[in-house]
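Okay, structure first, notes after.
Derivation of every value follows stated rules applied to the coordinates shown; laboratory data play no part. Bear in mind the structure is a predicted one, so any value in this text is a computation, not a measurement. When we count neighbours, we look across all protein chains shown, and the Cβ atoms used for this are built from the backbone with ideal geometry, even at glycine.
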Amino acid sequence: MPFYEYVADQGPGCAHCAGGFTVLQRLSDAALSHCPQCGTALRKVISPPSLVSGQSDLNPSKIEKAGFTQYRKIGKGVYEKTAGKGPGVISAD
């Protein structure tokens, strides 16, 4: 579900809508036309998407803290654990 940003379109609006606010909505949901708190007309603000570029930080200590397990390939069908809980080696055999 995407986040949509709204701001008061006419008049000052209330503290909630004057500076803008963000709403998590389904794609099938209708766009908000009025502020849910004060009834002021709203307009949807178009903003850039959040993108991640470059290398991700796959530091083993961060992976373990997040509760994940990381393996690296050491041979055909054989993987060795590099971080987290789980078996030390996974083999296709």
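Which value in deg cm²/dmol, rounded to the nearest 500, describes the helix-derived mean residue ellipticity at 222 nm for the chain, given -39,500 (n - 2.57) per DSSP H run of n ≥ 4 and division by the residue count?
Values: 1 runs with 6 residues, N = 93.
About -1500 deg cm²/dmol.
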Name the residue farthest towards the positive end of the dipole of the chain from the options 50, 33, 20, assuming +1 on Cβ of Lys and Arg, -1 on Cβ of Asp and Glu, about the Cα centre. 50
Which one is right for this structure if Rg/Rh (Cα atoms, Kirkwood Rh) is calculated from it: (i) 1.41; (ii) 1.34; (iii) 1.21? (ii)
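By counting other Cβ atoms within 10 Å of each Cβ, how are 21, 3 ranked from fewest to most? Working shown, then result.
Values: 21 20, 3 11.
Least crowded to most crowded, the residues run 3, 21.
Hey, got the dipole for the chain? About the Cα centre, +1 on K and R Cβ, -1 on D and E Cβ, debye to the nearest 20? Don't skip to the end; give the middle numbers.
Values: 10 positive and 7 negative charges, 72 e Å.
Roughly 340 debye, rounded to the nearest 20.
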Using a Gaussian network model of the chain whose springs link C-alpha atoms within less than 10 Å, name the residue from 61, 47, 33 with the highest mean-square fluctuation. 61
For the range 70-76, in residue order, the Karplus 3J(HN,Hα) values (coefficients 6.51, -1.76, 1.60; θ = phi - 60°; whole Hz; Gly and Pro = x) are 10, 10, 10, 6, 10, x, 5
Low-density loop cleavage sites - trypsin sites (Lys or Arg not before Pro) in the range 1-44, where at most 16 other Cβ are within 10 Å (DSSP): 26
Spatially close lysines, pair count over the chain: Cα under 24 Å, gap of eight or more or interchain: 9
Histogram of C-alpha separations across the range 1-47, 10 Å bin width, %: 31, 56, 13
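Within the set of other residues whose C-beta is less than 10 Å from the C-beta of residue 79, count the net charge using Lys and Arg as +1 and Asp and Glu as -1.
Working: positive: 72, 73, 81; negative: 80.
Around residue 79, the surrounding residues sum to +2.
What is the sum of charges around residue 30, taking Lys and Arg as +1, Asp and Glu as -1, for the other residues whose C-beta is under 15 Å from the C-beta of residue 30?
Working: positive: 26, 43, 44; negative: 29.
Net local charge, residue 30 excluded: +2.
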